[in-house]
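K.L.:
This is the structure I have questions about; it appears just below.
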Amino acid sequence: MKNFIIMILAILSMAFTNKEKPSTAKFKVFGNCPQCKERIDGILEVKGVKSAEWNVDTKVMEVVYMADKITIEKIHELIASVGHDTEKVKAPDQVYLKLPDCCMYRDNDNTHHD
Ligand SMILES: [Cu+2]
């Protein structure tokens, strides 16, 4: 009986330590201005993303997410879906071309990444 209880406790503690911890990812997202920031950070207000903070100056996105709820690929796709290129995923032209003029980062030599 004592062994049985120890076994149950061992299984329980394993179950708890196996709980997913948040992952942090840092990658480049292309954009220009505070309006871009709102758009980029806003699209990541989804289940599985704990926090998302894009830096307008460095263009670096720092995202904290739960890898069991959302994949990093999906995060890149979400950002691209609102018109912003990431390191991995290019935004569709038809979405990009609808961005306000101030957000047209592909025309800006400073942020051009080709
Ligand atoms: Cu903008």
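K.L.:
If you check residue 20 against the conditions, is it away from the ligand (no atom under 15 Å from the Cβ), without any contact (Cβ under 8 Å) to a residue 24 or more places away in the chain and out of contact with any Phe, Trp or Tyr (no Cβ under 9 Å at 6 or more places or on another chain)?
P.N.:
no
K.L.:
Any residue that is modelled with pLDDT under 95 and in a loop (DSSP other than H, G, I, E, B) - is there at least one of those in the range 75-90?
P.N.:
Taking every residue of the range 75-90 in turn, none turns out to be modelled with pLDDT under 95 and in a loop (DSSP other than H, G, I, E, B).
K.L.:
Out of (1) part of a helix (DSSP H, G or I); (2) over 18 Å from residue 25 (Cβ atoms); (3) acidic (Asp, Glu), what's the single condition that is false for residue 41?
P.N.:
Unmet for residue 41, out of (1) part of a helix (DSSP H, G or I); (2) over 18 Å from residue 25 (Cβ atoms); (3) acidic (Asp, Glu): (2).
K.L.:
Sticking with this one: Sort out which residues of the range 23-40 are surrounded by 14 or more Cβ atoms within 10 Å (Cβ to Cβ) and away from the ligand (no atom under 12 Å from the Cβ), and write them in order of number.
P.N.:
23, 25, 27, 28
K.L.:
Next up: Pick from 84, 76: which is more than 14 Å from the ligand (Cβ to nearest atom) and either polar (S, T, N, Q) or surrounded by 12 or more Cβ atoms within 10 Å (Cβ to Cβ) (or both)?
P.N.:
Checking each option against the conditions leaves just 76.
K.L.:
Pick out the one residue from 49, 64 that is more than 15 Å from the ligand (Cβ to nearest atom), of a type in the set (A, V, I, L, M), within 30 Å of residue 19 (Cα to Cα) and in contact with a helix residue (DSSP H, G or I) (Cβ under 9 Å, 6 or more places away or on another chain).
P.N.:
49
The values are calculated or read from the model by the stated rules, or taken from the named source; none is laboratory data. From a predicted model like this one, the values you see are computed outputs, not experimental measurements. Note: ideal-geometry Cβ built from the backbone for every residue, glycine included; neighbour counts use all protein chains shown.
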